[in-house]
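Below: one structure, written as structure tokens.
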Amino acid sequence: MLNIIEQNILKKLGERLKQARLERNDPQKEFAFRIGVSIPTLYKMEQGDPSISIGVWAKALSILGRLDELDRLISPKESLFERYEAEKKIKKRQRARTAVQKSDYPKKSEL
């Protein structure tokens, strides 16, 4: 059984799915066919019904070009320290060293 917060989140998810479908001018019939479900199932998705499988959501997001958002749902937490260290390594540059001879330096009288 879902609590009210979980129900509201699913409802908002369904509303965003519907909005994305409408922005693409996709009728329910065509979009439902593309994701492999019936029109009533798509309607349930857009209403936030929790019984819809994650696979159907994945297909819908894929068709909308937003599958990467599903991949980020429970992504590993990023350590700010590790991120800082990685960026520091990237930014750290070493200059090429050349052998410098005394004759390469100008003489005091030439300054």
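Structural remarks
- Any chance GLN28 is of a type in the set (S, T, N, Q), modelled with pLDDT of 95 or more and in contact with a helix residue (DSSP H, G or I) (Cβ under 8 Å, 6 or more places away or on another chain): yes
- Answer residue from the stretch 1-57, given it is more than 19 Å from LEU70 (Cα to Cα) and of a type in the set (Asp, Glu) and is farthest from the chain's Cα centre (by Cα) among those: GLU30
- Sub-9 Å Cβ pairs linking a first residue in the stretch 54-71 that is modelled with pLDDT of 95 or more to a second residue that is loosely packed, with under 10 Cβ neighbours inside 10 Å, at least 6 apart or interchain, are LEU61/ASP68, ordered by first then second residue.
- Single match in GLN19, GLN47 (criterion: at pLDDT 95 or above, in contact with a helix residue (DSSP H, G or I) (Cβ under 7 Å, 6 or more places away or on another chain) and of a type in the set (S, T, N, Q)): GLN47
- Residue check, LYS12 surrounded by fewer than 14 Cβ atoms within 10 Å (Cβ to Cβ) and touching a residue at least 12 places away in the same chain (Cβ under 8 Å): yes
The values are calculated or read from the model by the stated rules, or taken from the named source; none is laboratory data. Only a predicted model underlies this, so the values are computations on that prediction, with no experimental measurement involved. Using ideal geometry, Cβ is built from the backbone for each residue, glycine included, and neighbour counts are taken over all protein chains shown.
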